[in-house]
Amino acid sequence: MSSWKRDFASGLIVVLPVLVSAYVIAWLYGVISSVTPQRVIKVELLTDLGVSSGVANTLVEPLRVLVVLAVFVVFVFSVGYLMRTAVGNLAEGVIDDMANRVPGLRVVYNASKMAAETALGGTDSLQTPVRIEPWTGMRMTAFKTGKTTEDGRVVVFLPTAPNITTGFVIELDPADIEETDERVEDALTRILSAGFGDSDRMGGSAVENLVEVEEDE
């Protein structure tokens, strides 16, 4: 690999994630700002409060974003507090029943609810990285879901790389699971990067590993 190719690849490794993150943030910012009704936060409201027209035009969109985020946070906390009561449990049951009556909505609703419970449940065994051997001599990274079957098998999720939103739900005998002391972050980094991002195990950063490959060549 020539020097200019190495420099370009090294720079792209640093710049590309920043650009993608900035694009996602900008897109979310635009979506959130458009949610707030124009009549709630408008330029005329700020100018009536003594703010100059130029400053009002600059502040109106950030204020709309803050209003949406504030309302969302208050709403989530209110629902969470309500769920601690019998009324909240009853309301959740009614919502679940209504969602399950619609064929298309039922799949999306149950999948998203299960994903939220898995990510935010907070159990000790949740998302614990393990290794399984689907074929002799081959090891794959999976994650415990914290669930077991009626006959005592452990339910694990085997994600695909680099898209971890798809994969396979596997029921295994506990003896067929190899426990690891690996962190969830390390396992996810390896899967999301298709095996190239396991920098700790490879002994360096992605840029350093790129240089080492060139030297080996």
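The values are calculated or read from the model by the stated rules, or taken from the named source; none is laboratory data. Please read these numbers as outputs of a predicted model, since none were measured by experiment. Quick reminder, even Gly has a Cβ in these numbers, built from the backbone with ideal geometry, and neighbours come from all protein chains shown. Heads up: the accessible areas ignore ligands, DNA and RNA and are worked out on the full protein's heavy atoms, side chains in. Shrake-Rupley method; radii C 1.70, N 1.55, O 1.52, S 1.80 Å.
Criterion first (assigned to a helix (DSSP H, G or I), of a type in the set (A, V, I, L, M, F, W, C), under 30 Å from S193 (Cβ atoms) and modelled with pLDDT under 80) does I25 satisfy it?
So I25 fails the test.
Residues in the range 97-111 that are at pLDDT below 85 and surrounded by 10 or more Cβ atoms within 10 Å (Cβ to Cβ): 10 in all.
Just one residue in the set T136, T145, T165, T189 is surrounded by fewer than 15 Cβ atoms within 10 Å (Cβ to Cβ) and at pLDDT 80 or above; that residue is T136.
Out of curiosity, is S125 at pLDDT below 85, open to solvent by less than 90 Å² (accessible area, probe 1.4 Å) and closer than 27 Å to G195 by Cβ? Answer is yes for this residue. Each residue in the range 172-185 was checked for being part of a strand (DSSP E or B) and either under 13 Å from P134 (Cβ atoms) or open to solvent by less than 80 Å² (accessible area, probe 1.4 Å) (or both), and 3 of them qualify.
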